[in-house]
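Structure first, then comments.
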Amino acid sequence: MSVRPPDAPISHTRGVQRLLDSYRAIPASASVRLAKPTSNLFRARTKRDAPGLDTSGLTSVIGVDLQNRTADVAGMCTYEDLVAATLPYGFAPLVVPQLKTITVGGAVSGLGIESTSFRNGLPHESVLEMDVLTGAGELLTVSRDQHEDLFRAFPNSYGTLGYSTRLRIELEAVKPFVALRHIRFDSLDELVATMDRIIDTGGFDGVAVDYLDGVVFSPAESYLCVGIETDTPGPVSDYTGQQIYYRSIQHPQGIKDDRLTIHDYLWRWDTDWFWCSRAFGAQHPSVRRWWPRRYRRSSFYWKLISYDQRFAIADRIEKRHDRPPRERVVQDIEVPLKRCGEFLDWFFAHVPIEPVWLCPLRLRADEDWPLYPMRPNRTYVNVGFWSSVPAGATEGATNRLIEAKVSELEGHKSLYSDSYYTPAEFDELYGGETYRSVKRAYDPDSRLLDLYDKAVRRR
Ligand SMILES: Cc1cc2nc3c(=O)[nH]c(=O)nc-3n(C[C@H](O)[C@H](O)[C@H](O)COP(=O)(O)OP(=O)(O)OC[C@H]3O[C@@H](n4cnc5c(N)ncnc54)[C@H](O)[C@@H]3O)c2cc1C
């Protein structure tokens, strides 16, 4: 059975046409960019030199095929809208990134991860086919069988090879509730060993685990958050009101149990943008009480951040208090699980940021994704840290140290935020010659930006 609003295919066709018209209206000398109302990109971007592509008609779910467990979505459809369309039928995407306005196209071209990644890999692995507007202005359907080179180079290309206008992705069945077990550790080595065991056996305490991530508050206080889907009705917690999810994890010792609806579990981090809402005072009880519920979401905090970036509010406050300037350190990195303890020990000794998020991942299959190469059959751990530190003597001093450490440990870094690699280091990590040959084939006149220019030179 398929669920499809009657006018969805026609309105999608119109949306694609508007995108193509706007592409053709951009002068050949100007670079092509997206015009999107939301973003989860943390790099400051240089000012646009031309109007962006019109994506206004490419934000919807086109249809859900319940029998084949797939969804067809427009490239700029947010996961919030996609999940709202699939959950009523008991289905969800295989990986649901935790910020509501991340789009399916954005998560595939810019990577995404969540607590199903230890069994379902990364969002691009569950894409069956995509329509892509290439830099050459062609609309191509790409898959494992058609234009495979573009299909494989698309993840981590950040819109520099083309823009996906439609994606067909796999779905999985989900149950209405998630039983949570928050396990406390006073040793990071023990946490990593337990994570390894859960992934190896697929279970904890003899029960199959569906979701797995963790939070480290300090080397002496860390937690694994184990989620088990269940049909059993019963009371659930609510962290969209006065209670704060990441604080609820903390307890003196052992295991603390909790329950959420599947909807609230998927969006558990969005309400407080993990913990970053504390920077705006939104976690202080007296502020939180009047903070409208509809504004307790990552997209609203984003607006506050963009005001800060535009008017340098935080820098001015630091200056007024005679405090030194700060360096933004907003990053997600991956290291092999075997090196995770080593990375965390180094991190807490050198980078004054807490808490940090941990999320294990394994590729689903032995497939080649050249712009973000990872070894199959190997468990990695994503470590996310989003804050700032006192600025060092050189620009990006702490970010550079982190890049060097991650490379030393055979890891990788996502490119949604600041990067400082040299061209040679970047080539080595993110596809080099393979990227250039796909770029030549699908964007011969360089209408789209180059990946290094975009990710490192912030163009
Ligand atoms: C603080 C923070 C924490 C994060 N944590 C996580 C996390 O824990 N898990 C996770 O999964 N992700 C996380 N992300 C990363 C996020 O998933 C990526 O930045 C993703 O690319 C954002 O997608 P978006 O739809 O918001 O796209 P945008 O931010 O608008 O764009 C991101 C890039 O993708 C390109 N792009 C957008 N749409 C398309 C398209 N349809 N086709 C081709 N290219 C396109 C854009 O050109 C741009 O270069 C985090 C980001 C931030 C800032």
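Coordinate-derived values only; no laboratory data. Computed from a prediction, not measured in an experiment: that's the story for all the values here. As a convention, Cβ positions derive from the backbone with ideal geometry for all residues, glycine included, and neighbour counts pool all protein chains shown.
Things to note:
- Within region 68-171, the proportion of Cα pairs with more than 24 Å between them is 16 percent.
- FRET efficiency for the H350 to N68 pair, using the beta carbon distance and R₀ = 45 Å, is estimated at 0.40.
- Low-density loop cleavage sites - GluC sites (Glu not before Pro) in region 95-204, where at most 16 other Cβ are within 10 Å (DSSP): E138
- Taking 29 Å as the straight-line reach from the Cα of K405, the lysines in range (excluding those fewer than 8 positions away in the same chain) are K338, K413, K454.
- Between the amide H of E129 and those of R168, distances stay under 5 Å, these residues lying 5 or more places away or on another chain, with hydrogens modeled in the peptide plane.
- Hull shadow area, averaged, region 167-206 [alpha-carbon convex hull, nm²]: 5.0 nm²
- Out of every Cα-Cα pair that region 109-148 contains, those further apart than 10 angstrom amount to 74 percent.
- GluC sites (Glu not before Pro) within region 393-459: DSSP coil, no more than 16 neighbouring Cβ in 10 Å: E395, E410
- The value of relative contact order for the chain, using C-alpha pairs under 8 Å at least six residues apart, is 18 percent.
- Rg/Rh, computed from the Cα trace of the chain with Rh as the Kirkwood radius, has the value 0.94.
- 16 Å tail of the calculated P(r), region 160-231, as % of Cα pairs: 59 percent
- Gap separating the Cα centres of region 352-393 and region 61-125, nearest whole Å: 20 Å
- Amide H partners (placed H, <5 Å) of T70, local residues excluded: D65, L171
- Distance histogram for region 1-93 (every C-alpha pair counted, 5 angstrom bins, percent rounded to whole numbers): 3, 13, 20, 18, 16, 13, 9, 6, 3, 0
- For the chain, the Cβ-based charge dipole about the Cα centre amounts to some 1820 debye (Lys, Arg positive; Asp, Glu negative; other atoms uncharged).
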